[in-house]
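Peer 1: Can you keep this structure in mind? I'll have questions shortly.
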Amino acid sequence: MKNRNEHVMGSQAINRKTQKKGCFRPARTLYWKAVKMTERKVPEDIESLRQTWYSLFLKWNKIHYTLGIFTIVAGITTASRPAVISNIPAVMDLLAWLAAVGIALVFFLAPAKRASGYIDAWRHLTENVKRYQLSETFPAEHLVEAVKLGEQMIRSAETWR
């Protein structure tokens, strides 16, 4: 006799509690064979460079948002002249000056463009690292080429070029 959680399909009993949602498998196929993939070790200098590019992306992205938000708040506060601080000319002058400096820094440093260059390079190198790790036929020379292309991406994002 079957309990209320079992269903019979042909000659195979199916237990609902062992099924994944939306998946119907006979009892004899509940065990999946795990495919063991061997990963090749990535050279340390390439892995270190990949981590450095990602940390530089985070740094420039943080600078972009910090400067941007600060500049927006200072500019809006100066333009709206709230009653609380509009009677204090020194504060209003300071806010206007800080907004101008913030805008100048955002345009001069171009942190968003630099962050974009680093994340593009990181993505390209990471894609090649994953291919290298998972495929025995992927040559290590492609990692060197990925580093060169990544450096070109970073160089093209520099503001003075």
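Peer 1: Tell me which residues, restricted to the range 143-161, are part of a loop (DSSP other than H, G, I, E, B) and surrounded by 11 or more Cβ atoms within 10 Å (Cβ to Cβ).
Peer 2: Correct list: A157, E158, T159.
Peer 1: Determine which single condition I85 fails, assuming it passes every other condition in (1) touching a residue at least 12 places away in the same chain (Cβ under 8 Å); (2) more than 23 Å from R155 (Cα to Cα).
Peer 2: If we test I85 against (1) touching a residue at least 12 places away in the same chain (Cβ under 8 Å); (2) more than 23 Å from R155 (Cα to Cα), just (1) comes out false.
Peer 1: Just name the residue that is modelled with the lowest pLDDT out of those in the range 83-110 that are out of contact with any Ser or Thr (no Cβ under 8 Å at 6 or more places or on another chain), surrounded by 11 or more Cβ atoms within 10 Å (Cβ to Cβ) and of a type outside the set (A, V, I, L, M, F, W, C).
Peer 2: This residue is S86.
Peer 1: Taking interchain pairs and intrachain pairs at least six residues apart, which have beta carbon atoms under 8 angstrom, with the first residue in the range 144-161 and under 20 Å from L109 (Cβ atoms) and the second of a type in the set (S, T, N, Q) and part of a helix (DSSP H, G or I)?
Peer 2: Hits for this filter: A157/S116.
Peer 1: Give me a count of the residues in the range 111-142 that are farther than 23 Å from K41 by Cα and surrounded by fewer than 16 Cβ atoms within 10 Å (Cβ to Cβ).
Peer 2: Of the residues in that region, 1 qualify.
Peer 1: Let me ask another. So, in the range 102-146, exactly how many residues are among the aliphatic types (A, V, I, L, M) and touching an Asp or Glu at 6+ places or on another chain (Cβ under 9 Å)?
Peer 2: Of the residues in that region, 5 qualify.
The values are calculated or read from the model by the stated rules, or taken from the named source; none is laboratory data. None of the values given here were measured: they were computed from a predicted structure. All Cβ positions, glycine included, derive from the backbone under ideal geometry; neighbour counts span all protein chains shown.
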